[in-house]
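Please treat every number below as a calculation from the coordinates, not as lab data. Keep in mind it's a predicted model, so treat the numbers as computed, not measured.
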Amino acid sequence: MRIKKSLITLLMLLAMVCRGQDYVPQDYVWTTQSDNSSGSMPCGGHDIGMNVWVERGDILF
């Protein structure tokens, strides 16, 4: 039973390490305006957030 718990713990740690290496933060750049809110950019963090998009030259959120 102890070997089984150790193996599960090892696999969980390995999964976390491998997943962390795949993360690469990126800066996104929009070059065209949105047709509507479906092309919005999520902004914010923690407990505050909003979606921002541009329609016909107007910034909406």
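Taking each residue as 0.36 nm, the span from residue 48 to residue 14 lengthens on full extension beyond its C-alpha to C-alpha distance by 9.0 nm.
Can you give the extra length, in nm with one decimal, that the chain gains between residue 7 and residue 26 once fully stretched, where that is 0.36 nm per residue apart less the Cα-Cα distance?
3.4 nm
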